[in-house]
Amino acid sequence: MVKDAPIGVFDSGVGGLSVLAEIQRLLPHESLLYVADGGHIPYGEKTPEFILERSRRVAGFFREQGAKAFVIACNTATVAAVADLRRDYPDWPLVGMEPAVKPAAAATRSGVVGVLATTGTLQSAKFAALLDRFATDVRVITQPCPGLVELIETGDLDSPALRLLLQRYVEPLIAAGCDTIILGCTHYPFLKPLLARMLPPTVILIDTGAAVARQLQRLLGERELLAGGTPQATRFWTSGDTEHLRNILPTLWTSSGVVRSFDG
């Protein structure tokens, strides 16, 4: 591995762009690669075995591209694949996602924390373990959110249909007294402006994109792999419709970009 090698970032779709933005903000000298497995979205309803197989294909692709680190910018894929990938690549810096249960439990004043996430994340043993470890002194209200990922994938962040669906998901959390809500899917930070208008101003929203960027910085620093020069332009791949990703990048990313087909 060399310092100017790129970092690979992977999600089932465009949600990981929220994490990519945090990485670019903290590590502006790093060159970034991004794969969206849009041909197989949503992951939340897929089997763990299927998600592991897809994650392994993306990991192999990033290795071929010479990536010095791999970020699984997807909570569902982290649950299904991160342990196996760490065994597959023991010397490769690898960062996954997990719902921010610990900081949410510390932040709540009412003692009630809400979680918006996919069905796959909420039903996982990893999520149950997080609750057992960090949420024994708080009440946690979980809310699966089918349909949200699919709407965000179209670039829809504020349509009447999206607002109606999101309102249906957050109302039970507010009614239960949640003053802190975990955004447990990397797609959901794109809804922060809408949630800010929908929720009482006292409600805190927590996601883990910035924490992932800090963990990546730490791992690269330990291995003396932090880049210091001018980065290459971010490169994008998708197993879905390349024209679709190209069209919505200006909405969800800082700019447009070259998008290639991922056939892995």
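The values are calculated or read from the model by the stated rules, or taken from the named source; none is laboratory data. Here the structure is a predicted model, which is why all the values come from computation and not from measurement. Ideal geometry is used to build each Cβ from the backbone, glycine not excepted, and the neighbour counts take in all protein chains shown.
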In the list ALA67, ALA59, ALA83, which residue meets the criterion of being in contact with a Gly (Cβ under 6 Å, 6 or more places away or on another chain), hydrophobic (A, V, I, L, M, F, W, C) and over 30 Å from GLY177 (Cβ atoms)? ALA67
Report the residue count in the stretch 212-264 for those that are of a type in the set (Ser, Thr, Tyr) and under 16 Å from PHE10 (Cα atoms). 5
Scanning the stretch 208-230 residue by residue, those in a loop (DSSP other than H, G, I, E, B) and modelled with pLDDT of 95 or more turn out to be ARG223, GLU224, LEU225, LEU226, ALA227
Every residue from the stretch 215-241 that is closer than 16 Å to LEU17 by Cα and surrounded by fewer than 18 Cβ atoms within 10 Å (Cβ to Cβ): ALA233, ARG235
Of the residues that make up the stretch 115-132, is at least one more than 10 Å from PRO99 (Cβ to Cβ), in contact with a helix residue (DSSP H, G or I) (Cβ under 8 Å, 6 or more places away or on another chain) and modelled with pLDDT of 95 or more? no
When you look at LEU173, is it of a type outside the set (Phe, Trp, Tyr), more than 20 Å from ALA36 (Cβ to Cβ) and in a helix (DSSP H, G or I), yes or no? yes
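Please determine whether any residue of the stretch 6-14 is buried (at least 23 other Cβ atoms within 10 Å of the Cβ), of a type in the set (D, E, K, R) and touching a helix residue (DSSP H, G or I) at 6+ places or on another chain (Cβ under 8 Å).
Yes: one or more hits.
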Among the residues in the stretch 38-55, are any touching a residue at least 12 places away in the same chain (Cβ under 8 Å), of a type in the set (Val, Ile, Thr) and either more than 16 Å from VAL71 (Cα to Cα) or outside the structural domain of PRO90 (by TED's automatic domain parsing) (or both)? yes
Sole residue being assigned to a loop (DSSP other than H, G, I, E, B), of a type outside the set (Lys, Arg) and closer than 17 Å to ARG163 by Cα, chosen from PRO200, PRO189, PRO193: PRO200
Out of curiosity, is VAL35 farther than 19 Å from THR208 by Cα, touching a residue at least 24 places away in the same chain (Cβ under 8 Å) and out of contact with any Lys or Arg (no Cβ under 6 Å at 6 or more places or on another chain)? yes
Has the stretch 158-168 got any residue that is of a type in the set (Gly, Ala, Ser) and touching a residue at least 24 places away in the same chain (Cβ under 8 Å)? no
Verdict on VAL82 being surrounded by fewer than 23 Cβ atoms within 10 Å (Cβ to Cβ) and outside the structural domain of GLU243 (by TED's automatic domain parsing): no
From the list ALA196, ALA213, pick out the single residue that is in the same structural domain as ILE174 (by TED's automatic domain parsing) and small (Gly, Ala, Ser). ALA196
Scanning the stretch 32-62 residue by residue, those among the acidic types (Asp, Glu) and either in a strand (DSSP E or B) or within 22 Å of ASP88 (Cα to Cα) (or both) turn out to be ASP37, GLU49, GLU53
Can you give me the number of residues within the stretch 197-209 that are within 22 Å of LEU20 (Cα to Cα) and surrounded by fewer than 16 Cβ atoms within 10 Å (Cβ to Cβ)? 0
Please pick out the residue among ALA21, ALA80 that is outside any loop (DSSP other than H, G, I, E, B) and touching a Leu at 6+ places or on another chain (Cβ under 6 Å). ALA80
